[in-house]
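Worksheet for the structure shown next.
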Amino acid sequence: MNFDLTDEQRRWRDLARDFAQSEIRPRAAQLDREQKFPYDIIAEMSRLGLMGLSLPEEYGGSGGDFVSYNLALEEISRADTSVGITMEAHISLGCAPISAYGTPEQKETFLLKCATGEHLWAFGLTEDNAGTDAGGTETIAELRDGEWVINGSKKWITNSGTDITAGVTAIAKTGERDNGKPELTAIIIPQETPGFTRGEPYEKTGWRASDQRPLYFENCRVPEANTLGERGRGFRQFLATLDAGRVAVAALSVGLAQACFDEALARAKERKQFGQSIAGFQAIQFKLADMAMEIELARNMVLKAAWLRDEGRPFGQEASMAKVFASETAKRAADQAVQIWGGEGFMETSAVARYWRQVKINEIGEGTSEINRQIIARSLLSESAEEAKTNMVAQ
Ligand SMILES: Cc1cc2nc3c(=O)[nH]c(=O)nc-3n(C[C@H](O)[C@H](O)[C@H](O)COP(=O)(O)OP(=O)(O)OC[C@H]3O[C@@H](n4cnc5c(N)ncnc54)[C@H](O)[C@@H]3O)c2cc1C
């Protein structure tokens, strides 16, 4: 077994780390306070190739592997998860489905400027009545004269309303199957399509410098050629999209957990009580040791899931495991970081207070912890459990 990163993987991690620590981290508090989308940071990340890191070079991406993408995303999120989620939602949710299922024409038209980072692309699945139960999609698309006519709405869609957003891939109900279940189809909807509008950004607890909005479709018409992949394959497509997205949200969580540890360690060394630094107390040392252990484990889980995907092997169970464990590790790390900071950690002047606000969403977005535990349990209980175990142990 070889735990070494390749030169290429190390290069992406270091590039992201250097940029994040020098250009993002010093501005994270202000961006959060002002709830400002950092266009200049995204432009620079695009120039560095980070906004298309794992997308194909043929369509303007950087052609990096999935491990490199997750290493870079961890570093960006360590500096600011608002920027991390902007990168993650753009690559994993916006661009990856077009890259995986799009026709060459669709990739030329929609992916090219997104993979370079010049444009952002969004993925619209969630609705008022379709959250965890995404199969309950109520947005309807009907084929009329060679065009999809779309009516309905979406909720909380990341990157959907920035000045550089070029469009959204929305999941819509396009019919009913023989078994009474909805037929779902992914449809590409460019930003300026008549009948497609976006609401105001939400007032959020975390990720405040990222963009999430409600989307509205009122007799919004796009050509039938904007069907992404086969008609009726939308459900399978978004399940696959979310599998990869979960690894990335886990990487984002590891980044945030590491930021909590960084702040906790620095404070523990600096803060003096009873005539000594609080790092000298075993109670504080054990907190730091537990944080470091869990972060190490979560990072290994992310890298293993990412490696499996790069190898073309099944990785869904590992993705869910990494997502649950990393997001819960980050939550515990944020909690302990505030504890080590004491009252100062409850003040908005400290970074750990911001981390504490930001951490919760990781257990909700791209599949809640509850649903991911169900996915893991189902996978363990399925006929292929033996195969899954072999995968887990022997690789
Ligand atoms: C900031 C932000 C950004 C987002 N970005 C996007 C985006 O870009 N694109 C997009 O499509 N969506 C996006 N989402 C939506 C996100 O994916 C959903 O919030 C998430 O899937 C959960 O859905 P819900 O919030 O409606 O929770 P609900 O489905 O209402 O769940 C509420 C609770 O019930 C539990 N629950 C539900 N069903 C079950 C069950 N069967 N068994 C056990 N427990 C269950 C859940 O685990 C949860 O604890 C975003 C959300 C936020 C807040």
- Rg/Rh for the range 7-119, where both radii come from Cα atoms and Rh is the Kirkwood radius: 0.98
- Note on the structure: Computed over the chain: longest principal axis from alpha-carbon atoms vs helix 385-394 long axis, angle to nearest 10 degrees, is 40
- Note on the structure: Cα extents of the range 188-331 along the principal axes, largest first, in whole Å, come to 72, 40, 16
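Using 0.36 nm per residue, how much length does the chain from Met1 to Glu118 gain when fully extended, once their Cα-Cα distance is taken away?
On the way: separation 117, 0.36 × 117 = 42.12 nm, distance 3.93 nm.
Working it through step by step, the gained length comes to 38.2 nm.
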- What is the mean projected area of the alpha carbon convex hull for the range 240-395, to one decimal in square nanometres? 9.9
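Going by C-beta contacts inside 10 Å, put Asp178, Asp335, Asp163 in order with the fewest on the left.
Arranged by neighbour count, lowest to highest, Asp178, Asp335, Asp163 become Asp178, Asp163, Asp335.
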- What is the helix-to-structure angle for 7-19, meaning the angle in degrees between its Cα long axis and the longest Cα principal axis of the chain, kept from 0 to 90 and rounded to the nearest 10? 80
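Suppose R0 equals 35 Å; then what is the FRET efficiency for Thr349 and Asp14 from their Cβ-Cβ distance, rounded to the nearest 0.05?
0.70
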- Item | Neighbour count of at most 13 Cβ within 10 Å plus DSSP loop: longest chymotrypsin sites (Phe, Trp or Tyr not before Pro)-free window in the chain | 4-273
- Item | Size of electric dipole in the chain: Cβ of Lys, Arg +1 and of Asp, Glu -1, about Cα centre, debye, nearest 20 | 1020
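Treat every Asp and Glu Cβ in the range 235-394 as -1 and every Lys and Arg Cβ as +1, leave all other atoms uncharged, and give the resulting dipole magnitude about the Cα centre to the nearest 20 debye. Working shown, then result.
On the way: 20 positive and 20 negative charges, 55 e Å.
Using only the charged Cβ atoms, the result is roughly 260 debye.
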- Message: Give me the percent relative contact order of the range 7-119, please, defined on Cα pairs under 8 angstrom at least 6 residues apart.
- Response: 33
- Query: Can you put Glu218, Glu147, Glu203, Glu363 in order, fewest other beta carbons within 10 Å first?
  - Reply: Glu203, Glu218, Glu147, Glu363
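Arranged from highest to lowest average of other beta-carbon atoms within 10 Å per residue, in what order do the peptides 247-253, 130-136, 316-322 appear?
Values: 247-253: 32.4, 130-136: 14.9, 316-322: 26.7.
Highest to lowest by the protection proxy: 247-253, 316-322, 130-136.
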- Task: Please turn the phi angles of the range 131-137 into ³J(HN,Hα) values with the Karplus equation 6.51 cos²θ - 1.76 cosθ + 1.60 (θ = phi - 60°), one per residue in order, whole Hz, x for glycine and proline.
- Result: x, 4, 8, 5, x, x, 3
- If one takes the longest principal axis of the Cα atoms in the chain, at what angle in degrees, from 0 to 90 and to the nearest 10, does the Cα axis of helix 234-270 lie? 20
- Normalising by the residue count of the chain, find the relative contact order in percent from Cα pairs under 8 Å and 6+ residues apart. 15
- Query: Going down the list Lys155/Lys323; Lys204/Lys323; Lys287/Lys331; Lys107/Lys304; Lys323/Lys360; Lys36/Lys204, which pairs span over 19 Å between their C-alpha atoms?
  - Reply: Lys155/Lys323; Lys204/Lys323; Lys107/Lys304
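So what's the chain giving for Cα Rg divided by 2.2 N^0.38 Å, two decimals?
On the way: Rg = 21.2 Å, N = 395, 2.2 N^0.38 = 21.3 Å.
Compared with the compact-globule rule of thumb, the chain sits at 0.99.
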- Note on the structure: Between Gly175 and residues 5 or more places away or on another chain, the pairs with built amide H atoms under 5 Å apart involve Glu183
- Message: Going by amide H atoms built from the backbone, whose H comes under 5 Å of the H on Thr165, apart from near neighbours?
- Response: Leu120
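Mind pulling the per residue volume of the convex hull built on the Cα atoms of the range 253-344? Å³ is fine. If you can, show how the numbers build up before the last one.
On the way: hull volume 6.8 nm³, N = 92.
Normalising the Cα hull of the range 253-344 by residue number yields 74 Å³.
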- Item | Cα gyration tensor shape of the range 121-232, rounded if a/c is under 1.5, else prolate or oblate by comparing a/b with b/c | oblate
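Sort Asp32, Asp80 by Cβ crowding within 10 Å, fewest neighbours at the top.
By the 10 Å Cβ count, ascending, the order reads Asp32, Asp80.
Would you mind getting me the FRET efficiency between Tyr202 and Asp40? Use the beta-carbon distance for r and R0 = 30 Å, nearest 0.05.
Here the calculated transfer efficiency is 0.85.
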- Using θ = phi - 60° and the Karplus curve 6.51 cos²θ - 1.76 cosθ + 1.60, what whole-Hz ³J(HN,Hα) does each residue of the range 343-353 get, with Gly and Pro shown as x? x, 4, x, 8, 8, 5, 6, 9, 5, 5, 5
- Item | Alpha carbon centroid spacing (whole Å) that separates the range 242-297 from the range 122-162 | 39
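Taken together, the values in this text are just the output of simple stated rules run on the coordinates, not laboratory data. For clarity, every value in this text was computed on a predicted model and none was experimentally measured. FYI the Cβ positions are ideal-geometry reconstructions off the backbone, even for glycines, and counts take in every protein chain you see.
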